[in-house]
Amino acid sequence: MYVSNEPASPTRGGGLVRVRLDLAYDGTAFFGWALQPGLRTVQAVLEEALATLFRVPRVPVVVAGRTDAGVHAAGQVVHVDVDGQRWQREAPRIVRRLAGLLPADVRVYSVAAAHPEFDARFAALWRRYRYRIADADSGPDPLRRLDTAGWGRRLDADRMREAAHLLLGLNDFAAYCRRREGASTVRELQCLDVARDRDLIQIDVRADAFCHSMVRSLVGALAAVGDGSQDVAWPAALLSRSLRSDMVVVAPAKGLTLMEVGYPPDGELAARAAQSRTVRSRSL
């Protein structure tokens, strides 16, 4: 566990320090990341702990990627702006104190002062997710039952891998996304790989960003190829659609984990954030 012990100095206007937190959580008992009135969410739990730690009414956080209900994270990233004097006082012990304030299904494992232009959401270059499927007749290993989805039929990982590679690159993934008003569905899919280890299939996917339900929809399409319901070319053929396809099954949330978020060097943070805020369209 790492926490910065360097003397902190105000790095933003108003005597504030921008702080990066790296955290993990088991999403099973959460209604997703984002605040929802009357529901237990990861954001609500984390902000409550930070408010207690810094003795303020609320510490709003900015997250790298919102996760849906039941989705897990091993490498989630957030940033907060905190009072410089409070940061200096709490920095050496903040990880230990948060461990005592947070429930057992959330852990902050790294806290450090960040560059003033660091933005957990918009400065991210990519997000990497992993999906775990057990296709054994017996179902998932009981020790991994919370982060592994069971599949009722045996899957052909080689066919799934072949179909996955046809989806790589800059494309409009409208067929795989739940559309949000005014939001682009154009994404650069940088990696989509499928590997088998005995009765476990692991799907790793990395992109500059993901739209709502995109990863679980991609998994559902690949699984349809794997069980023989669709041919290898079918997932890529759906990229020609401008609306979500009702033929694509959204895989269960429990199998999905946000593994890692990548960022550029400090000198490139502002440019990356500005680029991410621009609505993208695919050049045809």
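A few notes on this one:
- Residue count for the stretch 177-236 satisfying the condition of being at positive phi and at pLDDT 95 or above: 1.
- In the stretch 191-224, of all residues being touching a Phe, Trp or Tyr at 6+ places or on another chain (Cβ under 6 Å) and of a type in the set (Val, Ile, Thr), the one that is nearest to Ala236 (Cα to Cα) corresponds to Val219.
- Residue count for the stretch 171-201, restricted to those that are assigned to a strand (DSSP E or B) and in contact with a Lys or Arg (Cβ under 6 Å, 6 or more places away or on another chain): 5.
- Residues in the stretch 149-164 that are within 13 Å of Gln230 (Cβ to Cβ), outside any helix (DSSP H, G or I) and either hydrophobic (A, V, I, L, M, F, W, C) or free of Cβ contacts under 8 Å to residues at least 24 places away in the same chain (or both): Leu155 alone.
- You will find that of Val77, Val71, Val63, Val106, the residue that is surrounded by 20 or more Cβ atoms within 10 Å (Cβ to Cβ), under 17 Å from the mean Cα position of the chain (by Cα) and without any contact (Cβ under 8 Å) to a residue 60 or more places away in the chain is Val63 and no other.
- All of (1) of a type in the set (Asp, Glu); (2) within 18 Å of the chain's Cα centre (by Cα); (3) within 28 Å of Ala270 (Cβ to Cβ) hold for Glu90 with one exception: (2).
- For the stretch 60-80, the tally of residues that are closer than 13 Å to Ala114 by Cβ and of a type in the set (Gly, Ala, Ser) stands at 1.
- Flag: Leu167 does not match the condition of being modelled with pLDDT of 95 or more, within 22 Å of the chain's Cα centre (by Cα) and not in a loop (DSSP other than H, G, I, E, B).
The values are calculated or read from the model by the stated rules, or taken from the named source; none is laboratory data. Keep in mind the model is a prediction, meaning the values are calculated, not measured. Using ideal geometry, Cβ is built from the backbone for each residue, glycine included, and neighbour counts are taken over all protein chains shown.
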